[in-house]
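The values are calculated or read from the model by the stated rules, or taken from the named source; none is laboratory data. As the structure is a computational prediction, the values presented were derived from the model and not from experiment. Reconstructed Cβ throughout: ideal geometry from the backbone, glycine too, with neighbour counts over all protein chains shown. Only protein heavy atoms, including side chains, enter the accessible area calculation; ligands, DNA and RNA are left aside. Shrake-Rupley method; radii C 1.70, N 1.55, O 1.52, S 1.80 Å.
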Amino acid sequence: MSSSPTTVVKRAARVFYREGLRGVASRVKARVRGPAAAPPPLPASSTSDGRAELLAQIANQLEWSRFAVLEETAAARFGNGRPAPRRGKQSLLMLIPEPERGSGGRTTMARVLRHLAARGTTCYVAFYPEVAPDRFADCRDAWFDEFGSDFCTVLPPAEATALDFDIAMATYWPGAYVVKNCISAASKGYFVQDFEPEFHAPGSFYAFAEETYRLGLWGVCASPWLASLLSSHYGMPTAGFLLGVDKNEYHLDPLVAREDNLVVAYIRRHTERRGYELLMWALKVLKDRMPGVRIEIFGDGRLPSDGGFLWIDKNHGILRHEQLRELYNRSAVGIVTSFTNYSLIPNEMMACGCAVVDLDTPCMRTAFPPGVVALERATPQCLAAAAESLLTDRGARTVQVRKGLEYISTIGWEQSLAAIEAAIARFSSKRPATL
């Protein structure tokens with residue numbers, strides 16, 4: 001029985017919506033060729049195999065998020081495990097994500113642990129989310145290779161949950177659930193370096209991350225803005241500190257010549273909060289406006305490193321501190337974009353006499369005095385215009401660099417680490433009953 005023209009048009013529209021133009025074309029060809037032979041029956045096991053694969057995917061996805069429904073265990077009550085060995089006055093466990101070379105957050109964690117160890121605390125580290133047993137030794141060695149092994153002991157997860165600690169601290173939102181429910185410690189806190197719900201789109205993981213601020217942990221936060229946010233919105237006991245700068249690593253180098261047409265930018269394509277697309281388009285706009293500008297990037301080892309990478313003159317990938325110091329001393333302008341908490345990088349660039357452009361956010365406005373960093377809206381055109389202005393107006397750039405160096409002279413890791421140590425001592429001495 002033939003179909004009416006209206007019915008044919010409706011069917012074609014549905015096919016086009018679902019399968020596109022190729023789908024419509026293939027249907028027309030099939031009608032022209034006539035009915036095809038029936039396909040051979042699928043093997044009987046194919047349906048069950050497909051279902052098993054689907055169930056495995058579903059289970060794996062849920063398995064990674066099981067921390068959100070962890071129930072309190074006996075080990076979570078202080079005194080039910082064996083005491084952690086002490087070489088100092090107190091024991092502290094820090095639960096961290098597995099090592100990632102070049103990570104500023106992990107560098108700060110290691111810096112804090114080294115400081116506390118030097119002040120008499122026996123420090124331990126455990127990785128969470130858990131690494132597979134066959135990868136534990138590699139992760140431990142990677143941590144030691146980057147930061148040294150003289151200030152902390154790295155524990156397997158089973159060992160960490162079997163010991164009693166004076167203090168346990170999470171550093172990443174999945175680990176906050178573990179510290180709350182599975183670690184035995186007299187006092188439990190959270191070393192917060194970013195507003196981690198915004199690492200995710202609104203949904204399950206956003207909610208899981210946000211809930212960690214309501215778990216009853218105290219927080220030591222890597223900016224006054226972050227401390228205020230968690231305290232005012234979630235009722236979390238917090239103390240904030242300013243990010244420091246290691247002046248032995250980052251400083252003016254008179255042996256390195258400044259290049260007035262060089263812009264350096266921090267790029268991390270796989271980290272959403274760093275605004276990869278925004279920054280790359282800003283660099284493209286800048287290159288179009290100023291063809292003579294040289295653009296070099298760093299921070300992402302996964303991007304092409306050879307010549308001819310779009311409008312980028314050179315991609316350095318991951319650099320060591322001494323290489324970054326040389327790059328910042330060569331550069332006239334540095335661009336950093338962070339949509340959540342601020343980064344270590346603006347301080348390090350400024351310490352090397354590089355004028356900095358970053359996003360105009362509440363965090364940046366509370367972290368830096370006016371005029372120290374050029375703060376701009378999150379559009380490619382605004383960021384490019386800010387960099388262009390600093391490149392073409394040498395007087396304005398000189399003023400901003402001077403203000404940046406004056407600001408750097410007022411901060412340092414000595415002050416920051418002292419503030420962190422004091423906050424931990426104050427919170428842990430209270431030992432709230434809920435912890």
Which of (1) more than 30 Å from residue 167 (Cα to Cα); (2) touching a residue at least 60 places away in the same chain (Cβ under 8 Å); (3) buried (at least 17 other Cβ atoms within 10 Å of the Cβ) does residue 400 not meet, given it meets every other one?
(2)
Could you list, ordered by first residue, the pairs with Cβ atoms under 8 Å in which the first is in the range 196-219 and free of Cβ contacts under 8 Å to residues at least 60 places away in the same chain and the second is assigned to a loop (DSSP other than H, G, I, E, B) and of a type in the set (A, V, I, L, M, F, W, C), at least 6 apart or interchain?
213/236; 214/236; 219/236
Filter the range 116-151 for residues that are farther than 26 Å from residue 90 by Cβ and not in a helix (DSSP H, G or I); the one that is least open to solvent (accessible area, probe 1.4 Å) is 131
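From the list 376, 414, which one is acidic (Asp, Glu), touching a residue at least 12 places away in the same chain (Cβ under 8 Å) and in contact with a strand residue (DSSP E or B) (Cβ under 7 Å, 6 or more places away or on another chain)?
Working: 414 fails: in contact with a strand residue (DSSP E or B) (Cβ under 7 Å, 6 or more places away or on another chain).
Only one candidate passes the filter, namely 376.
So that you can scan it fast, the table gives a plain yes or no per residue for (1) within 22 Å of the chain's Cα centre (by Cα); (2) over 19 Å from residue 358 (Cα atoms); (3) not hydroxyl-bearing (Ser, Thr, Tyr):
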{"residue": "210", "(1), (2), (3)": "yes, yes, yes"}
{"residue": "219", "(1), (2), (3)": "yes, yes, yes"}
{"residue": "229", "(1), (2), (3)": "yes, yes, yes"}
{"residue": "232", "(1), (2), (3)": "no, yes, no"}
{"residue": "247", "(1), (2), (3)": "no, yes, yes"}
{"residue": "254", "(1), (2), (3)": "no, yes, yes"}
{"residue": "258", "(1), (2), (3)": "no, yes, yes"}
{"residue": "268", "(1), (2), (3)": "yes, no, yes"}
Among 93, 62, which is the only one that is surrounded by 17 or more Cβ atoms within 10 Å (Cβ to Cβ) and either charged (D, E, K, R) or not in a loop (DSSP other than H, G, I, E, B) (or both)?
93
Determine whether residue 68 is in a helix (DSSP H, G or I), surrounded by 13 or more Cβ atoms within 10 Å (Cβ to Cβ) and of a type in the set (A, V, I, L, M, F, W, C).
yes
Candidate set: the range 42-54, residues that are open to solvent by 90 Å² or more (accessible area, probe 1.4 Å) and modelled with pLDDT of 85 or more; chosen: the one nearest to residue 212 (Cα to Cα)
54
What is the residue count in the range 152-195 for residues that are in contact with a strand residue (DSSP E or B) (Cβ under 6 Å, 6 or more places away or on another chain) and assigned to a loop (DSSP other than H, G, I, E, B)?
4
How many residues, within the range 193-214, are in contact with a Lys or Arg (Cβ under 9 Å, 6 or more places away or on another chain) and open to solvent by 30 Å² or more (accessible area, probe 1.4 Å)?
2
Looking at 239, 222, 257, which is the one that is touching a Leu at 6+ places or on another chain (Cβ under 8 Å) and either free of Cβ contacts under 8 Å to residues at least 12 places away in the same chain or at negative phi (or both)?
222
Check whether at least one residue in the range 362-373 is of a type in the set (D, E, K, R) and either open to solvent by less than 10 Å² (accessible area, probe 1.4 Å) or more than 19 Å from residue 224 (Cβ to Cβ) (or both), and report yes or no.
no
For residue 201, are the conditions met, namely being out of contact with any Gly (no Cβ under 9 Å at 6 or more places or on another chain) and in a loop (DSSP other than H, G, I, E, B)?
yes
